[in-house]
1. Measuring from the lowest to the highest alpha carbon on each principal axis, how far does the range 140-296 reach, largest first, in angstroms?
2. Cα centroids of the range 260-296 and the range 166-212: how far apart, whole angstrom?
3. For the chain, with a Gaussian network of springs between Cα atoms less than 10 Å apart, report the residue from Ala125, Ala238, Ala162 with the top mean-square fluctuation.
4. Just the projected area, averaged over all directions, of the convex hull on the alpha carbon atoms of the range 214-256: how many nm²?
5. Starting with the highest mean, order 28-35, 116-123 by the number of other Cβ atoms within 10 Å, averaged over the residues of each peptide.
6. Measure out, as a whole number of angstrom, how far apart the alpha-carbon centroids of the range 1-71 and the range 81-111 sit.
7. Report the per residue volume, in Å³, of the convex hull enclosing the C-alpha atoms of the chain.
8. Using a 1.4 Å probe on the protein chains only, how many percent of the accessible area of the range 160-227 belongs to carbon and sulfur?
Amino acid sequence: MSDAIVSASATEDGFAVTAAITTDLVRETQRRHGLSPTATATAGRLITGAALMGASLKDTLRISLLVTGDGPLQRVAAEAWLTGGGRVGARAYAKVPHADLPLNAAGKFDVAGAVGAGTLHVTKAYEEGQPYSGVVPLHSGEIAEDLAAYLLKSEQIPSVVALGVLADPNGVVAAGGVLAQVLPDADERAIAALERRALELPPVTTLIAGGADARALLEAFAGNAALRAVRTLDVGFACRCTREKVETALAGLGADELRKMARDNPETEATCEFCKSVYRFSSAELAEFATLLKRA
């Protein structure tokens, strides 16, 4: 199935739901970073969660998710934003991309073990004004439960989050997720019904591997609920890095440091953490940057 995000509201039942297929997105993330199987499952869940949350952005510029823990992956980050034209762009990385663990007792990727104990940091950046940030302790390290715990604790939105990455020795077979949230003013029955639907839903990767697209995922969760305001978005790997942004970062080092770098190295490289693009600057370029800074 092609990667896509579909969202809808079931106002009579008191919830909104968003479903995503992110198989190609996770494959591209794995390819760019050479992620181990466990790192692929972890980053794949996080980037899928970011894409699901990013699909509802309105005046928000982007959403950033950062998981830090004492497990071997150390840090995993993902971002998502609306790129225009009905598309969500997303990117992710793991600090230690080759870290791997055996399957857990249930025969699944040991994401919780790879992450360890730590925190989930969520940032929403806006076109205007200060970004909003929230930090919560990791609930389980399994990513989906951690996002649901964040939404409840920090935004007071009872939510169900299901994320999955299915892989075999040849790579990523299926990836996707579902995010369902109780609508404002919904009663306790809506929350109980939402939890019941989550328990009844088969693993999302089972549905995707069986041929379900994003709309079918959404309908599998919604059941007989009447869906309104259905919206479909494309989703794919994207990066916000540019040479100009790298130049700005270099300028932040100051003229003296740039001159030292120019003297010590014939060429300086800067690599984007998210997409692995490499930006190269000659010693002459760095010296020119330093001169411009002194004049400013």
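The values are calculated or read from the model by the stated rules, or taken from the named source; none is laboratory data. Note that the structure is a prediction, hence the values are computed from the model and not measured. Positions of Cβ are backbone-derived with ideal geometry, glycine not excepted, and every protein chain shown enters the neighbour counts. Side chains are part of the model used for accessible areas, which takes the heavy atoms of the whole protein and leaves out ligands, DNA and RNA. Shrake-Rupley method; radii C 1.70, N 1.55, O 1.52, S 1.80 Å.
1. Answer, in whole Å and largest first: 68, 42, 32 Å.
2. Here the answer is 46 Å between Cα centres.
3. Ala125
4. 5.5 nm²
5. With the highest mean Cβ count within 10 Å placed first, the list reads 28-35, 116-123.
6. 9 Å
7. Residue-normalised Cα hull volume stands at 150 Å³.
8. So the carbon and sulfur contribution to the accessible surface is 50 percent.
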